[in-house]
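Asks: Please see the structure below; I have some questions.
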Amino acid sequence: MKKISCSKIIETVSLLVSETSRVLPEEVKELLKKSFFHEDNALSRKYLGIILENIEIAEKEKVPVCQDTGLAVFFVRQGAGVIVDTGEFPSLEDVINEGLRIGSRKGYLRNSVVDPVDRSNTKDNGPGIIHFLEGRKEEFEISLIAKGFGSENTSALRMMSPTAGKEGVECFIVDTVRNAGSLPCPPIFVGVGIGGSFEKAALLSKSALCNMGRDSRYRDWERQVLEKINGLGIGAGGFGGRTTALDLRIETFPTHIAGLPVAVNISCWAHRHGSVRL
Amino acid sequence: MKRNIIFPVKNYKFEDLAAGDEVTISGSIYVARDAAHKNLVRAIEEGEKLPVQIEGGLIYYMGPSPAPEGQIIGSCGPTTSSRMDRYTLPLLELGLKATMGKGGRDSEVASACRKFGAIYLVTYGGCGAYLRKFVKKSEVIAYPELGPEAVYKLDVKDFPALVGIDIKGNNLYNK
């Protein structure tokens, strides 16, 4: 059995939260650099240049890449061979939220979390959304996506007809991106969840966005849909050009004979995610 | 040559600006986003005095991240402007001359810009770390209880932007 203390988890989550807000994953930076060199539209290209400069400044000056430091969504993968000592906290969820609060304060993240009805601010950037997944034996991994809401607002879910087929799914994805237009801070990342139930499709789309369980059977299809999206001409910032989306990722799960749930989760270019194994 | 606009504007009518032009912003501007707009427009509807002097002014749609120790401001890039579309007309009616954020807006905002001789400016989404260097002073001036959604007054110098909607109602995003 592997034992993990609550102080270790708090320290890990706190660091993950502050680091994720100011350092983008290498793959995100690489895709942005590539698009900067490929973009012909002058305004889009200028914006991509400023984006790259912004990324450097955030790292160097230790400030968040974007003032919308997002809603923290965690995926926790724990195997049966791991015991977490939650100490004074009633549950692992509380331990992770404590790490989130400390990391938000230390990293100067914005308090962007409110009660959904009376809109009063929780004043500590918590709680996060925490999904628990079954891991292998002694596996313990915490993944975080700091989800900006300008792009979250443009995401969509549709319960499609079971006979809609790949064409129908493709239409829905492209329409969702077209409707999003300039609003989600393109160039965007697109996570697509296909199948399961209403909530499963949404969860798949978020996990696809973070590249957690991408279905290798659909690599060609992903490329084709990405190409269609980049043919829309929205461009970086909505200024026109060929850089509308940087990547598209599909995750699937078997579904019911009567249905075809499809969820499209959009991230801005500042796709802040990371994970830590303990 | 980029036009540098100093806010609040007095006699300048934006006549030389067209959608897509690059400009810079200097002077004193206000910051407000969703919750503050709801408060401002409610105050107008109820005939109350506004906590800000908006005549000739610019409202920047933004909610900054906290300033690290000894610094002026945290990350301070634009938020999605279209959420403020429904609150824009009553403010333009009172003499607000410019708004700034990111992304396209309703055609009603474009019509209102034409009617009131106002402009909509666009700045670089997600680039709050870059944009902070153009902010010289920052203070909360209304609704402090809203935390990151409070109304701020910023002193800016050469803050970069593009004309999103000009006074003829032309829209950068419809080009």
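Each reported figure results from applying straightforward, stated rules to the coordinates on display, with no laboratory input. All of these numbers come straight from a predicted model, not from anything done at the bench. Note: ideal-geometry Cβ built from the backbone for every residue, glycine included; neighbour counts use all protein chains shown.
Asks: Please list, ordered by residue number, the strands (runs of 3 or more DSSP E) wholly in the range A:1-116 having 2 or more residues that are within 17 Å of the chain's Cα centre (by Cα) and β-branched (Val, Ile, Thr). Quick ask: steps written out before the conclusion?
Replies: Details: elements: A:2-5, A:71-78, A:82-85.
Output list reads A:71-78.
Asks: Sticking with this structure for a sec: Which of the residues spanning the range A:204-243 are crowded, with 21+ Cβ neighbours inside 10 Å and under 17 Å from the mean Cα position of the chain (by Cα)?
Replies: If the condition is that a residue be crowded, with 21+ Cβ neighbours inside 10 Å and under 17 Å from the mean Cα position of the chain (by Cα), then A:Leu204, A:Ser205, A:Lys206, A:Ser207, A:Ala208, A:Leu209, A:Cys210 are the ones that fit.
Asks: Being within 12 Å of the chain's Cα centre (by Cα) and away from every other protein chain (no Cβ under 14 Å) is the filter here, so list the residues in the range B:74-95 that pass it.
Replies: B:Thr88, B:Leu91, B:Leu92 - these are the residues of the range B:74-95 that are within 12 Å of the chain's Cα centre (by Cα) and away from every other protein chain (no Cβ under 14 Å).
Asks: Which of the following residues is out of contact with any helix residue (DSSP H, G or I) (no Cβ under 7 Å at 6 or more places or on another chain), of a type outside the set (A, V, I, L, M, F, W, C) and either within 13 Å of chain A (Cβ to nearest Cβ) or at positive phi (or both): B:Gly164, B:Gly125, B:Gly169, B:Gly147? Explain how you work it out, then say what you get.
Replies: Values: B:Gly164 fails: out of contact with any helix residue (DSSP H, G or I) (no Cβ under 7 Å at 6 or more places or on another chain); B:Gly125 fails: out of contact with any helix residue (DSSP H, G or I) (no Cβ under 7 Å at 6 or more places or on another chain); B:Gly169 fails: out of contact with any helix residue (DSSP H, G or I) (no Cβ under 7 Å at 6 or more places or on another chain).
Being out of contact with any helix residue (DSSP H, G or I) (no Cβ under 7 Å at 6 or more places or on another chain), of a type outside the set (A, V, I, L, M, F, W, C) and either within 13 Å of chain A (Cβ to nearest Cβ) or at positive phi (or both) holds for just one of B:Gly164, B:Gly125, B:Gly169, B:Gly147, which is B:Gly147.
Asks: Tally up the residues in the range A:91-143 that are over 16 Å from A:Phe74 (Cα atoms), buried (at least 21 other Cβ atoms within 10 Å of the Cβ) and β-branched (Val, Ile, Thr), please.
Replies: Count: 0.
Asks: Do you know which residues across the range A:117-153 are aromatic (Phe, Trp, Tyr) and over 18 Å from B:Ala35 (Cβ atoms)?
Replies: The first filter runs over the range A:117-153 and keeps only residues aromatic (Phe, Trp, Tyr), leaving A:132, A:140, A:149.
Within the range A:117-153, A:Phe132, A:Phe140 qualify.
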